[in-house]
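**Q** What follows is a single structure, and I will ask about it in a moment.
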């Protein structure tokens, strides 16, 4: 939690850089998606337009306030922000700065608003404000997502829960694989694109697990091992505990990593289908046939071959900041940048044209 709340100079610079990147992106509003001239002579266009008012309920991450506001303003949307209670004062100060900037540019300060009362009852009230809010984006735990799906009268886009997996195939290069795993687990463990479960092919386990133990010990990671991996990992220097069945569904957001031995690619894919959240999953392999199968059969919003799950991020994808990472399939999927905050309308232009 303290890591999430921290606004270090480096993070402030990163937030500012993300805003500048959003400023430099092409404005999608008004873009003609497609169109043509009908037999009647009517010229028809499908054109991007703002969604309207977007409500965002999000976790205790100060950067989200700025990221979401910048994306919504860029796309001509107004936004109502309800951040975590732990960042209540930070969010209020940030929104005040944004509103001052809006007024100085001749724009309505109310285009960005924040609910500064931490009372959770207000969330339920917000979920029923379909007269005023056009789309709702909850960012947070499974409980919040469930609440929104069950109570909201507003269209909801869910995502952000990241039980992410990396499958180490039998053909993986061990030294290179470990670099990816360290990055995916330790770079910033409190994020939703951090790996939580490592699936190891049984044919590489004897050579891979000792190297994994050494690397995880150096990185301060606690391994939660299944029965097949437990004894071998306990012989190494890393801290090891027996995995609990429910931990395969946990988003640790800490320096903890599940380790499970799987018999083959099919076994790995089956595990991901059962326990994954359709966020980000990766395969480490030299077998491109296995890689292609993994890409085709793992139904996540982002799937990687020989790369870290940490890339699932609007900035990394060249989208600027992001509102959320959508794990559903309708309207938006993956990191939600500018286009995900627009809809479209049909424009018909005629010369007093009538339908025959």
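Derivation of every value follows stated rules applied to the coordinates shown; laboratory data play no part. Just so we're clear, the structure is a prediction, and the values are computed from it rather than from any experiment. A quick note on method: Cβ atoms are made from the backbone with ideal geometry, for glycine too, and the neighbour counts reach across all protein chains shown.
**Q** Restricting to bridges with both residues inside the chain, how much of the DSSP beta-bridge set is antiparallel, in percent to the nearest 5?
**A** 30 percent
**Q** Which residue fluctuates most in the GNM of the chain (Cα springs below 10 Å): 262, 112, 37?
**A** Highest fluctuation of the listed residues: 37.
**Q** Between residue 353 and residue 222, what is the spin-label point distance in nm, taking each point 7 Å from the Cα along the Cα→C-beta axis?
**A** The answer from the label model is 6.7 nm.
**Q** Using a Förster distance of 22 Å, how high is the FRET efficiency between residue 151 and residue 23, based on the Cβ-Cβ distance and rounded to 0.05?
**A** 0.05
**Q** Right, here's the next one. Only helical DSSP H runs with n ≥ 4 go in: add -39500 (n - 2.57) per run for the chain, normalise by residue count and round the 222 nm mean residue ellipticity to 500 deg cm²/dmol.
**A** -10500 deg cm²/dmol
**Q** Within 10 Å, count the other beta carbons around each residue, average over each peptide in 201-213, 89-101, and list them highest first.
**A** With the highest mean Cβ count within 10 Å placed first, the list reads 201-213, 89-101.
**Q** Further question: Relative to the longest principal axis of the chain, what angle (0 to 90°, nearest 10) does the C-alpha long axis of helix 62-74 take?
**A** The answer is roughly 40 degrees.
**Q** Still on this structure, I have one more. Taking the Cα centroid of region 176-247 and of region 117-138, what is the distance between the two, rounded to the nearest whole Å?
**A** 40 Å
**Q** What percent antiparallel are the DSSP beta bridges of region 14-160, to the nearest 5?
**A** Taking every DSSP beta bridge with both residues in region 14-160, the antiparallel ones total about 30 percent.
**Q** So in region 214-356, what percent of DSSP beta bridges are antiparallel if you round to the nearest 5?
**A** Antiparallel bridges: around 15 percent, rounded to the nearest 5.
**Q** Any idea how far apart residue 296 and residue 96 come out in nm if each label point goes 7 Å out from Cα toward Cβ?
**A** Going from the residue 296 label point to the residue 96 one covers 5.8 nm.
**Q** So what is the relative contact order of region 138-292, in percent, for Cα pairs below 8 Å that sit 6 or more residues apart?
**A** Contact order relative to length: 32 percent.
**Q** Something else now. Test of understanding: what is the full-extension gain from residue 40 to residue 125, defined as 0.36 nm times their sequence separation minus their Cα-Cα distance?
**A** This chain segment gains 25.8 nm when fully extended.
**Q** Continuing with the same structure: Give me the percent relative contact order of region 246-356, please, defined on Cα pairs under 8 angstrom at least 6 residues apart.
**A** Across region 246-356, relative contact order equals 18 percent.
**Q** Using the Kirkwood radius over C-alpha pairs as Rh, can you work out the diffusion coefficient of the chain via Stokes-Einstein at 20 °C, viscosity 1.002 mPa s, in µm² per second?
**A** After rounding, the answer is 97 µm²/s.
**Q** OK, next. What percent do you get for the relative contact order of the chain when only Cα pairs under 8 Å and 6+ apart count?
**A** Relative contact order, the chain: 20 percent.
**Q** Could you give the alpha-carbon Rg of region 164-314 over 2.2 N^0.38 Å, rounded to two decimals?
**A** Its radius of gyration relative to the 2.2 N^0.38 Å reference: 0.91.
**Q** Now, a different point. How many times 2.2 N^0.38 Å is the alpha carbon radius of gyration of region 194-273?
**A** For region 194-273, the normalised Cα radius of gyration comes out at 1.01.
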